[in-house]
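Report on the structure given below.
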Amino acid sequence: MMENMKINQLPSKTWNWLKMNETAVSGISVSGAHEGNLEIPERITKTVCPAGLPDRFKDVAGGMGSDMDMLVKESSAGAVLLSADSDVSGEPARIRFAYGAFEHSLNTFGILAKEGSNMTVIMDMAAERSVDPERTGSPSPVGENPAAVSQSEHTGLSAVQTKLILEKDAKVTLVQIIRNKNAKTVLNDIGAKVADGAKLSVIHLFLGGDRVYNGCKAELIGKKSNFTADIAYTVADDCVLDMNYVALHEGKKSVSEIRTDGVLHENARKLFRGTIDFKKGAAGAVGNEKEDVLLLDDDVVNQTIPLILCAEEDVEGNHGATIGKLDEDLVFYLESRGMALAEIYKMMAKARIDAVLRFVPDEKTKADVASYLESEGSNGCK
């Protein structure tokens, strides 16, 4: 089993001294798949694949890169394939994980949206329920810190790889909520191929985890294929969030939109890579990428590298990043109205998450995340 990985590599390297070209992760080991709770509607077909995903998924590249594929192969943990051949978007598939503090697991999923189909898949990667002695043995809500084990003692690793194939005119909405405060390391990898007229929407909410690494790559191979990614994060407490998003345009008139909004405070470190890659032949393609970051403390580390690669003349690409701090007059006003500084920070973080949460096409999930944010989720990763 491989212990060292290089992940989230930029498609085109920049200066090495910036330390943004790739990320090295060590101490990687997995012992099998996590037994999550899967709620799959009848009209979505679930297939367990002990030997891994079918061959047609092998050339679907993930955003983390080949080392993640190798980890999946060596783990022999099998896979679960979800497929739809009609519009089942009103009945989302829900996959919920509840990870332990010392668990090392890897799960692989395939999503096949057949021609003209429409489906929604929601993955919630949370911490397991724990026993709180102050509640005389009653379980704590999912996502709360275990009472018996401090965050510094956690050694857990949770890894999930999801590969998608969208056939002609298919639509998939993939929602992933990462709030696993039990894990020392979180690996989340997505790879997709999007055919003619198909549309992939990815919604990411990063709310917890000590070291969170995320890769997402969409290959827009079809004419008028479409990819959108809406990302929100709050990172604090010396935690790390490392992201790599790639929109690869091959199809004519393909469209991509990557939108990121987040908050950093309390020694947090965040690295965002956003690449729009126009290949030869992608005439009429349009790609946009934008990140908005709010820095709540002076001791945070924020790294952003928007990248546009172009091998086709007839395309339109735009990228940008806005980095700012809280207005001092606003802070003074809110404090004068009786709000503590910690409350102001929490309110600002929650507002960023709420702006993306509204895109989630499921009221049950919205309510659950909103409740989590009210309790502790916007305070950071621990």
| request: State whether the residues of region 90-109 include one that is in contact with a helix residue (DSSP H, G or I) (Cβ under 6 Å, 6 or more places away or on another chain) and either assigned to a loop (DSSP other than H, G, I, E, B) or touching a residue at least 40 places away in the same chain (Cβ under 8 Å) (or both). | output: yes
| query | Do you know which of the residues in region 341-368 that are surrounded by 15 or more Cβ atoms within 10 Å (Cβ to Cβ) and basic (Lys, Arg) is farthest from Ser201 (Cα to Cα)? | reply | Lys346
| field | Hits in region 60-86 - residues which are outside any helix (DSSP H, G or I) and either closer than 15 Å to Gly215 by Cα or touching a His at 6+ places or on another chain (Cβ under 8 Å) (or both) | value | Val60, Ala61, Gly62, Gly63, Met64, Gly65
| Residues (buried (at least 19 other Cβ atoms within 10 Å of the Cβ) and among the basic types (Lys, Arg)) located in region 265-295 | Lys270, Arg273, Lys279
| Filtering region 369-382 down to residues that are modelled with pLDDT of 90 or more and surrounded by fewer than 18 Cβ atoms within 10 Å (Cβ to Cβ), which residue is nearest to the chain's Cα centre (by Cα)? | Ala370
| query | Only one of (1) under 21 Å from His204 (Cα atoms); (2) at pLDDT below 80; (3) among the polar types (S, T, N, Q) fails for Ser130. Which number is that? | reply | (1)
| Complete set of residues in region 60-112 that are touching a strand residue (DSSP E or B) at 6+ places or on another chain (Cβ under 7 Å), over 22 Å from Ala183 (Cα atoms) and of a type in the set (Asp, Glu) | Asp87
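Inside region 100-113, can you point out the residues that are among the hydroxyl-bearing types (Ser, Thr, Tyr) and over 22 Å from Cys49 (Cα atoms)?
Selection gives nothing.
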| request: Provide a single number: the residues in region 228-256 that are buried (at least 22 other Cβ atoms within 10 Å of the Cβ) and farther than 30 Å from Met347 by Cα. | output: 7
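Do you know which of the residues in region 33-59 that are part of a loop (DSSP other than H, G, I, E, B) and touching a strand residue (DSSP E or B) at 6+ places or on another chain (Cβ under 6 Å) is surrounded by the fewest Cβ atoms within 10 Å (Cβ to Cβ)?
By that ranking, first place goes to Ile40.
Yes/no matrix, rows are residues, columns are (1) in contact (Cβ under 8 Å) with a residue 40 or more places away in the chain; (2) touching a Ser or Thr at 6+ places or on another chain (Cβ under 7 Å):
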position	(1), (2)
Val235	yes, no
Val240	no, no
Glu250	no, no
Glu257	no, yes
| Conditions (1) more than 30 Å from Ala77 (Cα to Cα); (2) without any contact (Cβ under 8 Å) to a residue 60 or more places away in the chain; (3) not aliphatic (A, V, I, L, M): number failed by Phe227 | (1)
| Could you say whether any residue in region 321-336 is assigned to a strand (DSSP E or B), among the small types (Gly, Ala, Ser) and either on the phi > 0 side of the Ramachandran plot or surrounded by fewer than 18 Cβ atoms within 10 Å (Cβ to Cβ) (or both)? | yes
| region 196-226 - residue that is in contact with a Ser or Thr (Cβ under 6 Å, 6 or more places away or on another chain) and not in a loop (DSSP other than H, G, I, E, B) and, of those, nearest to Leu174 (Cα to Cα) | Ser201
| request: Looking at (1) under 24 Å from Ile122 (Cα atoms); (2) surrounded by fewer than 24 Cβ atoms within 10 Å (Cβ to Cβ), find the lone condition where Gly262 falls short. | output: (2)
| Just wondering, is there one or more residues in region 288-302 that are free of Cβ contacts under 8 Å to residues at least 12 places away in the same chain, more than 25 Å from Ser66 (Cα to Cα) and out of contact with any Leu (no Cβ under 9 Å at 6 or more places or on another chain)? | yes
| message | With the structure loaded, tell me whether Tyr245 is touching a strand residue (DSSP E or B) at 6+ places or on another chain (Cβ under 6 Å), farther than 18 Å from Lys19 by Cβ and among the aromatic types (Phe, Trp, Tyr) or whether it fails that test. | response | yes
| note | Out of (1) under 19 Å from Tyr245 (Cβ atoms); (2) at pLDDT 95 or above, the one Thr304 does not meet is (2)
| query | Can we say Lys13 is loosely packed, with under 13 Cβ neighbours inside 10 Å, free of Cβ contacts under 8 Å to residues at least 24 places away in the same chain and closer than 19 Å to Lys163 by Cα? | reply | no
| said: Can you confirm whether Val315 is crowded, with 18+ Cβ neighbours inside 10 Å and either over 26 Å from the mean Cα position of the chain (by Cα) or basic (Lys, Arg) (or both)? | reply: yes
| query | Can you name the residue in region 150-174 that is farther than 16 Å from Gly36 by Cα, part of a strand (DSSP E or B) and β-branched (Val, Ile, Thr) and is also farthest from the chain's Cα centre (by Cα) among such residues? | reply | Ile165
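The values are calculated or read from the model by the stated rules, or taken from the named source; none is laboratory data. Since the structure is predicted, the reported quantities are computational estimates derived from the model, not experimental observations. Cβ coordinates were reconstructed from backbone atoms using ideal geometry, including for glycine residues, and neighbour counts include every protein chain displayed.
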